[in-house]
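Below is one structure; the comments refer to it alone.
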Protein chains: 2
Amino acid sequence: MAVRVRIEDVAAAAGVSMKTVSRVLNHEPNVREDTRLKVTRAVEELKYTPHLSARSLAGSKSFLVALLYNNPSASYLMGVIEGVLKACSDENYHTLLCPLEDDEARIVAGAEALIARSQPDGLVLTPPITDSPALLARLAELEIPYACVSPKDQSHGMGVAMDETRAAYDMVMHLASLGHRRIAHVIGHPAHGASGWRLTGYRQGLERAGIKFDPALVVQGEFSFESGVRAASALLDLERRPSAVFAANDDMAAGVIRVALERNLRVPEDLSVCGFDDTPMSRQIFPALTTVQQPTYEMGRIATLELLASIRNPESGRMVRVPYALKLRQSTGPVQE
Amino acid sequence: MAVRVRIEDVAAAAGVSMKTVSRVLNHEPNVREDTRLKVTRAVEELKYTPHLSARSLAGSKSFLVALLYNNPSASYLMGVIEGVLKACSDENYHTLLCPLEDDEARIVAGAEALIARSQPDGLVLTPPITDSPALLARLAELEIPYACVSPKDQSHGMGVAMDETRAAYDMVMHLASLGHRRIAHVIGHPAHGASGWRLTGYRQGLERAGIKFDPALVVQGEFSFESGVRAASALLDLERRPSAVFAANDDMAAGVIRVALERNLRVPEDLSVCGFDDTPMSRQIFPALTTVQQPTYEMGRIATLELLASIRNPESGRMVRVPYALKLRQSTGPVQE
DNA sequence: ATCCTGTCTGACAACGCTGTCAGCACTGCG
DNA sequence: CGCAGTGCTGACAGCGTTGTCAGACAGGAT
């Protein structure tokens, strides 16, 4: 490995001072256009990359973005992570992963430990910790900027969100268009904002389709496969069982399918099932699951870009809406007589 | 946020010089036991954490470990990642994630870019890039230490591995013990070492069970769900079709189950199916999949610990064996007449 | 011609830590 | 009793960058 190219070398090559090179690299004002050009050329020629540690030490910025999570879904997380990584590397930041425990106190403690150790310049939060009041309060105190992915409260702060209510509504309309009238819903984990939105969308869809809301057809789950199994058992024990089940995520939908098949019900002939998230698993179970695709990569990327923008300019940083897509597959079909 | 505690403050509190504190923190020799104690106490009292950037700048170490991967399985990766994170944070290192593209040239380019930008002190490689000769050669040139997770060549280097051959052997013995004689195998992606080991284990199992190896029952796959579907179609089109299929991973096993159920075969009554990896999906499909569990978290953690040990002392760094576990579930059952 | 403004540039210290090296106190040995 | 050897400690420079501040220069107002 050759010896490192330093800012000093670039300065010499460009015939300016170190400080001017620094200005160009940091997009600071007050550099003449031709000077800027000379410097950029020298940088490219020497393939210069600033030394992160030196930068961070001198500038008291860490160039670190931490991604805080406690979401158990590996595929969801990996999507978001890749997006965050992409945005960070494009802007010469490093990404720190910070897995957190489930309970509120430990979330705060974990985040504080991270902040003390690594001094990140900003944080990206994923659900459900986007909705931990204690954490948000502490972050405000510490004055650390953060961006949220799908937070419950989208009225302020920055980040990225999807119209989940609308997606759930669309899903119910899809079922209704297949002739279903007894459409059940398995609610997600009560702590997640998504559970509420999806339930709301379900109710709005029913209303639009002219179907009376039946509380007996709505069962509490908690986003896990096992909770889907429990919910399905309850629903299929009903005297007048539903002809379709809309589970608030794919894992629970898989649980519903499991129970249906165990009871020798055919999916979708005897029972239509749909989920939410479009995990890889949803394509691999039989029958393949009708579900809603979230652009997790884009969500991670955009949230991070907003965060970085707001680090540079505290005025900026918005809540960005991203589109979803219904994935119609084999687990939903027309109602049979 | 209060002002940072610096090494100077700790030195003052302990009544020693900065350098002595530094020595204690870096486990350097030549510090009297009581001095060491005084310092440790002061560190704890002041809750001192060394400033990573300053350390790295002064010591020309980056305290960074990069995890290179291009494995598409999110659950496998998340397991390894969490393990690496744990080991790193325990030793006050940071983890860098480095997703790489598939082809050899881009793997090397991606790794070089990472190394140039971030100067990691060491790398953790996951399959299949553990087996990229071009990359390994380049790393040797750059003299960057690396640890491998399940590399093809375990005769030298450090890292962690599982006896996959033995696990595959066990799986075949399990099928044989259920009375199966026509046991098919779907091979994994040819570039992965795992494919070879699992095939070898399959053949050893057959031999041990006194079953003649039948090339017609062995089909090439590539670890994807779709390749499992293709393989299963071929196998089930056979005149004398197998009574059991051992797929080299869970995704392909899911593909096999999909095809079987589509053809109205019952699993396991008409066809036993088993996989490898114990992905979360394997528990969520119907029927739940018999498979082999890899301790991914431990593997990531141990590989990283070996790496860090070898950074401190180039003499150390071994290839560690970790245990596996057969997960017997509903997708395998006794042969039916 | 003089002053003032604003734009652009560079010298130098500082960021928090570790490497180097010198110095001190002790031990064992001739 | 002197001297080399060993164990322990501290002073200080330097890692590669940015913040601060002062200075040079151009253009407009007086």
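The values are calculated or read from the model by the stated rules, or taken from the named source; none is laboratory data. Every value quoted in this text rests on a predicted model; they were computed, and no experiment measured them. Cβ placement follows ideal geometry from the backbone for every residue including glycine, while neighbour counts extend to all protein chains displayed. The accessibility values were calculated without ligands, DNA or RNA, using every heavy atom of the protein model including side chains. Shrake-Rupley method; radii C 1.70, N 1.55, O 1.52, S 1.80 Å.
Once the range B:250-337 is represented by equal point scatterers at the alpha-carbon sites, with solvent omitted, what log10 I(q)/I(0) does the Debye formula produce at q = 0.16, 0.17, 0.22, 0.25 Å⁻¹?
One equal scatterer on each Cα of the range B:250-337 leads to -0.66, -0.71, -0.96, -1.12.
Under a Cβ-Cβ cut-off of 14 Å, what is the net charge of the residues other than A:Ala11 that fall near it, where Lys and Arg count +1 and Asp and Glu count -1?
It works out to a net charge of +3.
Could you pull the copy-to-copy label distances for B:Met18, with points set 7 Å along Cα to Cβ, in nm to one decimal and sorted shortest first?
Label-point separations across copies, in nm and ascending: 1.7.
Per q in 0.17, 0.24, 0.29 Å⁻¹, report the Debye log10 I(q)/I(0) for the range B:132-174, using one uniform scatterer on each alpha carbon and no solvent.
Values, matching the q order: -0.57, -0.85, -1.05.
Gaussian network model of chain A, Cα springs within a sub-10 Å range: biggest mean-square fluctuation belongs to which of A:Leu85, A:Leu307, A:Leu114?
Sorting by GNM fluctuation, first place goes to A:Leu114.
Considering only the label points, 7 Å along Cα→Cβ from Cα, what distances in nm to one decimal separate A:Ala234 from the same position in each other copy, shortest first?
For A:Ala234, the inter-copy label distances come out at 4.7 nm.
Just the projected area, averaged over all directions, of the convex hull on the alpha carbon atoms of the range B:87-172: how many nm²?
That works out to 7.0 nm².
Evaluate the distance, in nm, between pseudo-label points positioned 7 Å from the Cα of B:Asp153 and of B:Asn26 along their respective Cα→Cβ axes.
3.4 nm
For a quick check of your reading of the filter: which GluC sites (Glu not before Pro) in the range B:138-181 sit in a DSSP loop and have no more than 10 other Cβ atoms within 10 Å?
Passing sites in the range B:138-181 are B:Glu143.
Whole-Hz Karplus ³J(HN,Hα) for the range B:290-304, in order, using 6.51 cos²θ - 1.76 cosθ + 1.60 and θ = phi - 60°, x for Gly and Pro?
Once θ is set to phi - 60°, the couplings for the range B:290-304 become 6, 7, 10, 8, 9, x, 4, 4, 4, 5, x, 5, 5, 4, 5 Hz.
Can you give me the % of accessible surface on the protein assembly as shown that is carbon or sulfur? Probe 1.4 Å, all protein chains present, nothing else counted.
Using a 1.4 Å probe with all protein chains present, the protein assembly as shown comes out at 51 percent carbon and sulfur.
If you average the alpha carbon positions of the range A:25-41 and of the range B:284-303, how far apart do those two centres end up, in angstrom?
53 Å
For the range A:203-252 and the range B:123-188, what is the separation of their C-alpha centers, rounded to whole Å?
The range A:203-252 and the range B:123-188 have Cα centres separated by 43 Å.
Dividing the Cα radius of gyration by the Kirkwood radius, what Rg/Rh value follows for the range A:1-147?
We get a ratio of 1.09 for the range A:1-147.
Using a cut-off of 9 Å between beta-carbons, work out the net charge of the residues near A:Ser243 (Lys and Arg +1, Asp and Glu -1, A:Ser243 not included).
+2
Suppose every K and R has +1 on its Cβ and every D and E has -1 on its Cβ; what is the size of the dipole of chain A about the Cα centre, in Debye to the nearest 20?
600 debye
What gaps in nm, shortest first, separate B:Pro190 from its twins in the other copies when you place the label 7 Å past Cα toward the beta carbon?
The projected label point of B:Pro190 is separated from its counterparts by 5.6 nm.
If each of B:Leu142 and A:Arg208 carries a label point 7 Å out from its Cα toward its Cβ, how far apart are those two points in nm?
So the two model labels end up 5.2 nm from each other.
Taking chain B as a Gaussian network, Cα atoms linked when under 10 Å apart, which of B:Asn313, B:Asn92, B:Asn249 shows the biggest mean-square fluctuation?
Ranking B:Asn313, B:Asn92, B:Asn249 by mean-square fluctuation puts B:Asn313 first.
What residues in the range B:283-310 lose 20 Å² or more of accessible surface when the other protein chains are added to their chain alone (1.4 Å probe)?
Residues shielded by partner chains are B:Arg283, B:Gln284, B:Ile285, B:Phe286.
Give me the Kirkwood hydrodynamic radius of the range A:41-120, using the inverse of the mean 1/r over all pairs of distinct Cα atoms, in Å to one decimal.
Final number for the Kirkwood radius of the range A:41-120 is 14.5 Å.
Using alpha carbons only, what's the Rg to Rh ratio of the protein assembly as shown with Rh from Kirkwood?
Computed over Cα atoms, the ratio is 1.01.
Percent of Cα-Cα pairs more than 35 Å apart in chain B, please.
For chain B, the fraction of Cα-Cα distances above 35 Å is 37 percent.
How far is helix A:164-177 tilted, in degrees, relative to the longest principal axis of the Cα atoms in chain A, given as a value from 0 to 90 rounded to the nearest 10?
30 degrees
Relative contact order of chain B: what whole-number percent is it, with Cα pairs under 8 angstrom and at least 6 residues apart?
This gives 17 percent for chain B.
For chain B, take the longest principal axis of its alpha carbons; what is the angle in degrees between that and the long axis of helix B:193-209, to the nearest 10 within 0 to 90?
50 degrees
How many percent of DSSP beta bridges within the protein assembly as shown run antiparallel, rounded to 5?
10 percent
Once you wrap a convex hull around the alpha carbon atoms of the range B:164-293, what is its projected area averaged over all directions, in nm²?
It is 6.7 nm².
Relative to 2.2 N^0.38 Å, what does the C-alpha radius of gyration of the range B:130-206 come to as a ratio? Two decimals please.
Against the compact-globule rule of thumb, the ratio is 1.39.
With axes computed from alpha carbons, what is the tilt in degrees of helix A:133-142 against the longest principal axis of chain A, rounded to the nearest 10 within 0 to 90?
Compared with the principal axis, the helix lies near 10 degrees.
Which percent, nearest 5, of DSSP beta bridges in chain B are antiparallel?
Just about 10 percent of them are antiparallel.
Could you work out which residue, out of A:Cys274, A:Cys88, A:Cys148, moves most in a Gaussian network model of chain A, that is, has the largest mean-square fluctuation with Cα springs under 10 Å?
A:Cys88
For A:Lys47, which lysines qualify as cross-link partners when the Cα separation must be under 27 Å and same-chain residues fewer than eight apart are set aside?
Once the sequence-local lysines are set aside, what remains near A:Lys47 is A:Lys19, A:Lys38, A:Lys61, A:Lys86, B:Lys61.
At a probe of 1.4 Å, how much accessible area disappears from chains B and A on forming the pair, both sides counted, to the nearest 100 Å²?
Between B and A, the summed buried area is about 3700 Å².
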